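Peer 1: Before anything else, here's the structure in question.
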Amino acid sequence: MNFRSIILSVLLLGAALYARDNTDVIVMKNGDRMTCKIKGLDSGVLYVDFDYIDGTASVDWSKVAHLESKQLFLVKTEDGSVYQGTLNTPEEGVGRPIKIETTETDGHGTVIDASQIVRMIATSDKFWQRFNGEIGFGTIYSKGNQSTQYSLNSETSYVRERWSARAGFLSNLSSSTGATVSTRNSLNFGALHLLPWNHWFYSGLGALLQSSEQGIALQETYGGGLGRYLTHTNRATIAIVG
C-alpha cells in the first residue's frame, strides 16, 4: 500500500463515523438537566454534543450529578480495569459521591465510583460503529502577496476493551505569486495493548512524512516498547516506555 492509499484510508475512516440521536441525559449538581449526546470522558472533561450548539461542548466532570445513556461505552478506571456497557447513575443520598452503573449487554451491572473513572469512550457492538474521529479543512488567503494556504486533517481511532489503535493525517499546501507551490503531508499512527497486569502495556508507533520545502520525498519512523502507567487518573496520566 503506497502513501496516497494510506492517506485515503484514514480520510475515509474519519468520514465513516456514524451519527446517533441526542437522547442521553446529564444532570448537573446545580440542578440543570440537559439532553445531549455523550461522546466521551478524558482528563476530567465530559465531551457532549447538543442539537442547538455547533461543535462539541466541554463539561466539568466533577460537577455532574447524574447521567444516563443507552449508548455502549468502554469505561476505564484508575486500577486498570475496563468495563463495557450502557451508563446510568443509581440514586444516591445528598452529598454522597456519585457512582456510575455500567450495564453489560448480558444484563450484568457494575457500579463504579465516578471519581475513579479515567476515560469513557463511545463504542458499539458493530465493527464500523466502533470508530471515532473527525475531519477538518481550512483555507487562508492573503491579498497582499496573493498567497493561499490550504490545510486538511483527519483523525481516526478504534478502541476495544484491552487495546486501541489510532491514525492521524495532516496536509498543508501553500502557493503565492512568483513562488513554487509547497506541500507537506504527515501521517502518524500507533497502537496500544493492555497487559494482564494492571498498569502495564506495550505499544508501537509510526510516522510518514513528505515535505517539498525540506526536500523529503518520504521519511519513515517506527518505534515501540513495553510501558507502565505511573499515574493514571482523570486529571493526569504519566507513563514510562522502554
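Peer 1: Please work out the Cα convex hull volume for the range 19-123 and give it in Å³ per residue.
Peer 2: Spread over its residues, the Cα hull of the range 19-123 gives 100 Å³ apiece.
Peer 1: Using only DSSP helix segments of four residues or longer, with each worth -39500 (n - 2.57), what per-residue ellipticity at 222 nm results for the chain after dividing by its residue count and rounding to 500?
Peer 2: Details: 1 runs with 13 residues, N = 242.
-1500 deg cm²/dmol, from helical runs alone.
Peer 1: Now for a different question. In whole Å, what are the Cα extents of the chain along the three principal axes, biggest one first?
Peer 2: Principal extents (Cα only, largest first): 71, 44, 31 Å.
Peer 1: OK, next. Checking the a/c ratio against 1.5 first, then a/b against b/c, what shape does the Cα gyration tensor give for the range 126-242?
Peer 2: Numbers: a/c = 2.78, a/b = 2.19, b/c = 1.27.
Verdict is prolate for the range 126-242.
Peer 1: By how many degrees, between 0 and 90 and to the nearest 10, does the Cα long axis of helix 3-15 differ from the longest principal axis of the chain?
Peer 2: For 3-15 against the chain, the angle is about 40 degrees.
Peer 1: May I ask you to list the lysines whose Cα is less than 16 Å away from that of residue 76, ignoring any residue fewer than eight positions away on the same chain?
Peer 2: Leaving aside lysines fewer than 8 places away in the same chain, those within reach of residue 76 are 39, 99.
Peer 1: Cα-based Rg of the range 193-242 per 2.2 N^0.38 Å, rounded to two decimals?
Peer 2: Values: Rg = 15.9 Å, N = 50, 2.2 N^0.38 = 9.7 Å.
It is 1.63.
Peer 1: Let me ask you something else. Just flag the GluC sites (Glu not before Pro) in the range 103-190 sitting in loop per DSSP whose Cβ has no more than 16 other Cβ atoms within 10 Å.
Peer 2: 104, 161
Peer 1: Output wanted: per-residue J couplings in Hz (rounded whole) for the range 229-242, from phi through Karplus 6.51 cos²θ - 1.76 cosθ + 1.60, θ = phi - 60°, x for Gly and Pro.
Peer 2: 6, 7, 9, 8, 10, 7, 10, 7, 10, 10, 9, 10, 10, x
Peer 1: So which residue, out of 219, 71, 116, gets the largest mean-square fluctuation from a GNM of the chain using Cα contacts under 10 Å as springs?
Peer 2: Ranking 219, 71, 116 by mean-square fluctuation puts 219 first.
Peer 1: Compute the longest continuous run of the chain that contains no exposed chymotrypsin sites (Phe, Trp or Tyr not before Pro); treat a site as exposed when its DSSP state is not H, G, I, E or B and it has at most 15 other Cβ atoms within 10 Å. Walk me through the intermediate numbers first.
Peer 2: Values: sites that count: 18, 50, 52, 127, 197.
Looking at the chain, 53-126 is the longest stretch - no exposed chymotrypsin sites (Phe, Trp or Tyr not before Pro) with at most 15 other Cβ atoms within 10 Å.
Peer 1: A further question follows. Return 33, 160, 130 ranked ascending by Cβ neighbour count within 10 Å, so the fewest neighbours appear first. If you can, show how the numbers build up before the last one.
Peer 2: Numbers: 33 10, 160 15, 130 18.
By the 10 Å Cβ count, ascending: 33, 160, 130.
Read the figures in this text as sums done on the coordinates, not as results from a lab. Everything numeric in this text was worked out from a predicted model, so none of it was measured. Every residue, glycine among them, receives a Cβ derived from its backbone with ideal geometry; neighbour counts consider all protein chains shown.
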